[in-house]
1. Go through region 347-376 and report how many residues are crowded, with 18+ Cβ neighbours inside 10 Å, touching a residue at least 40 places away in the same chain (Cβ under 8 Å) and over 23 Å from the mean Cα position of the chain (by Cα).
2. With the condition kept exactly as written, say whether any residue in region 119-134 is at pLDDT below 90, of a type outside the set (Gly, Ala, Ser) and over 12 Å from the mean Cα position of the chain (by Cα).
3. Quick one: is LEU332 crowded, with 20+ Cβ neighbours inside 10 Å, closer than 22 Å to LYS224 by Cβ, more than 20 Å from the chain's Cα centre (by Cα) and not acidic (Asp, Glu)?
4. Do you know which of the residues in region 293-304 that are assigned to a loop (DSSP other than H, G, I, E, B) and in contact (Cβ under 8 Å) with a residue 24 or more places away in the chain is farthest from ALA325 (Cα to Cα)?
5. Does ILE120 meet the test of being over 22 Å from VAL218 (Cα atoms) and touching a helix residue (DSSP H, G or I) at 6+ places or on another chain (Cβ under 8 Å)?
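The values are calculated or read from the model by the stated rules, or taken from the named source; none is laboratory data. Predicted model, so just to flag it, every value in this text is computed and none were measured. Counting neighbours? That spans all protein chains shown, and the Cβs are built from the backbone with ideal geometry, glycine included.
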Amino acid sequence: MLALNPLSAAPYTGPAASGLGTTGPATTGPRIRVMIADDSAVVRGLVARWIAEAGYDVVATAANGRIAVEAMARHDPDVILLDIDMPELDGTQALPLLLAKSPGVQIVMMSTLTTRNADISLRCLALGAVDYLAKPESNRGVTTSDAFRTDLIERVRLFGSSRARKRGPGLSLAGSATPAPVPPPKPTAPIVLRPKARSGVSPRVLLIGASTGGPRAVGEVLEKIGSATLRQFPVLIVQHMPPVFTAVFAEHLGARTGLPAAEGKADERLQPGRIYVAPGGRHMGLTGAAGRSDVSIRLHDGPVVNFCRPAVDVLFQDAAAIFGASALAVVLTGMGSDGTGGARALTEAGAAVLAQDEASSTVWGMPGSIAKAGLAQAILPLSEIGGALRNLLTGQGS
């Protein structure tokens with residue numbers, strides 16, 4: 001058992017903390033610094049070991065939010081894994097205080113899969129957390145879940161690497177050291193935009209695919225399109241999320257847009273002015289004849305696609321076959337390349353596909369894959385996507 005002091009922000013002193021016994025990849029340059037805030041000593045111990053074995057530095061652990069806030073100036077983490085339910089000062093209360101002390105810190109909320117925690121996690125994203133991580137309900141589940149461990153380490157790597165490079169070795173919140181110079185980016189192949197989709201075909205459906213960073217991005221895009229325009233079209237969304245979270249996510253979108261929003265149901269007929277969110281753990285596609293108006297939701301539990309279920313590709317490919325050039329799609333922030341195959345099918349059918357740009361994306365994986373494949377009619381910052389989609393939907397952008 002690891003000796004971690006639950007009453008203080010204790011640094012991890014396990015075998016990998018000094019670089020000995022590290023099983024993770026060798027690292028060059030500044031190492032990622034992680035703080036773990038969780039009221040369970042078992043969780044803190046296990047997660048600390050995993051992170052150290054992956055080759056990253058656990059600089060502190062904390063049993064509640066107050067201890068984590070007090071530890072910020074001493075330990076300057078790049079990533080904080082922040083549990084929601086903690087005594088004295090919980091994760092939601094600690095979040096704004098942590099961000100105030102270090103605006104650039106990357107905070108990942110951790111919570112068990114309950115409706116309440118899903119709601120809180122999504123609210124925390126709106127307040128500045130970069131992502132959420134669904135935690136098994138019991139300590140035994142945490143111990144035995146390879147998926148939880150893999151997802152956790154991937155988030156530490158993903159969110160910690162860019163901040164660690166900016167921080168440089170030895171840089172603290174007080175700025176006591178000079179940041180290491182950041183090497184210039186390697187030259188990449190130029191991005192080629194796809195020619196505009198053929199004119200004369202009006203959109204009949206809006207498709208949205210997103211993953212990491214998506215909940216906040218999707219909400220902003222829909223809000224900027226405006227409810228008056230959205231009432232004229234069915235909106236189908238695949239957001240990579242676990243079960244429970246997707247139902248709550250739909251509720252949040254409904255509250256934000258003033259439109260009916262819910263998880264899609266099997267055989268539910270598409271109607272304009274409704275938002276359909278793919279249920280967590282199930283693929284959401286479409287069924288119906290090309291050119292017909294009676295198109296319905298298709299749900300199934302088939303194999304994962306691009307390591308995902310639900311997968312954006314499943315929705316996009318069905319939409320390409322049924323709607324063809326009258327589909328309009330956008331791919332927002334997210335890791336991986338889900339959506340690229342479906343975007344290719346859509347563009348070959350004459351539909352327009354837009355992608356979020358790198359600078360405004362939490363992770364430029366999915367939209368970057370679309371852009372690099374030459375499938376995007378436009379690559380836009382998040383702030384401009386809603387307006388561009390509104391113009392295309394209303395015929396002003398053709």
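1. 3
2. The answer is no; no qualifying residue exists.
3. Numbers: crowded, with 20+ Cβ neighbours inside 10 Å: yes; closer than 22 Å to LYS224 by Cβ: yes; more than 20 Å from the chain's Cα centre (by Cα): no; not acidic (Asp, Glu): yes.
Criteria not met by LEU332.
4. Residues of region 293-304 that are assigned to a loop (DSSP other than H, G, I, E, B), as a first pass: 293-295, 301-304.
Add one more test, that the residue is in contact (Cβ under 8 Å) with a residue 24 or more places away in the chain, and what stays is 294-295.
Values: ASP294: 17, VAL295: 15 Å.
Going through the qualifying residues, I end up with ASP294.
5. Values: over 22 Å from VAL218 (Cα atoms): no; touching a helix residue (DSSP H, G or I) at 6+ places or on another chain (Cβ under 8 Å): yes.
Spelling it out, it is not the case that ILE120 is over 22 Å from VAL218 (Cα atoms) and touching a helix residue (DSSP H, G or I) at 6+ places or on another chain (Cβ under 8 Å).
Yes or no, residue by residue, for (1) assigned by TED's automatic domain parsing to the domain that holds ARG231; (2) part of a helix (DSSP H, G or I); (3) closer than 14 Å to PRO195 by Cα; (4) of a type in the set (A, V, I, L, M):
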site	(1), (2), (3), (4)
GLY341	yes, yes, no, no
ARG344	yes, yes, yes, no
LEU375	yes, no, yes, yes
GLY386	yes, yes, no, no
